[in-house]
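Report on the structure given below.
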Amino acid sequence: MPYCPICGAVVRRGMTYCSECNPKSSYAIVTCNACLGTGIDALGNRCLGCKGKGQVKVINPPHKCKSCNGTGINLYGGPHTLCRGTGWMYGHSL
């Protein structure tokens, strides 16, 4: 059974990537900038940007959030609302 080389998910016969990670897809899987891929925030809690998974799904091509400078954190230390705490424009947790 084939597996996606990026996320390890099972892929359909004849495919190299899963539908989420396909480079020709309109979405890309990237490391969460808020937790730097650990899934844990600076306070030791589950990252709100990626829901603790360390990766987020963004629209291709990925662009860092210009408002928070890609940190995913607002001025008060909470998740930035424009990028939903991911640090990426149009980012969504997996």
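The values are calculated or read from the model by the stated rules, or taken from the named source; none is laboratory data. Just so it is clear, the model here is predicted, and its values are computed rather than measured. Note that we place each Cβ from the backbone using ideal geometry, even for glycine, and neighbour counts take in every protein chain shown.
Quick notes on this one:
- Yes/no for Gly78 being buried (at least 20 other Cβ atoms within 10 Å of the Cβ) and modelled with pLDDT under 85: no
- Matching residues, the range 25-54, being within 30 Å of Met15 (Cβ to Cβ), of a type outside the set (Val, Ile, Thr) and in contact (Cβ under 8 Å) with a residue 40 or more places away in the chain: Cys32, Asn33, Gly49, Cys50, Lys51, Lys53
- Whichever residue in the range 18-38 is part of a loop (DSSP other than H, G, I, E, B) and at pLDDT 75 or above and, among such residues, is farthest from Pro62 (Cα to Cα): Thr38
- Taken together, the criteria place Ser93 among residues that are on the phi < 0 side of the Ramachandran plot, among the polar types (S, T, N, Q), modelled with pLDDT under 90 and touching a Lys or Arg at 6+ places or on another chain (Cβ under 9 Å).
- A single member of Thr81, Thr86, Thr71 is under 21 Å from Ala9 (Cβ atoms) and either in contact with a Phe, Trp or Tyr (Cβ under 7 Å, 6 or more places away or on another chain) or not in a strand (DSSP E or B) (or both), and it is Thr86.
- Candidate set: the range 37-58, residues that are β-branched (Val, Ile, Thr) and within 10 Å of the chain's Cα centre (by Cα); chosen: the one nearest to Thr71 (Cα to Cα): Val56
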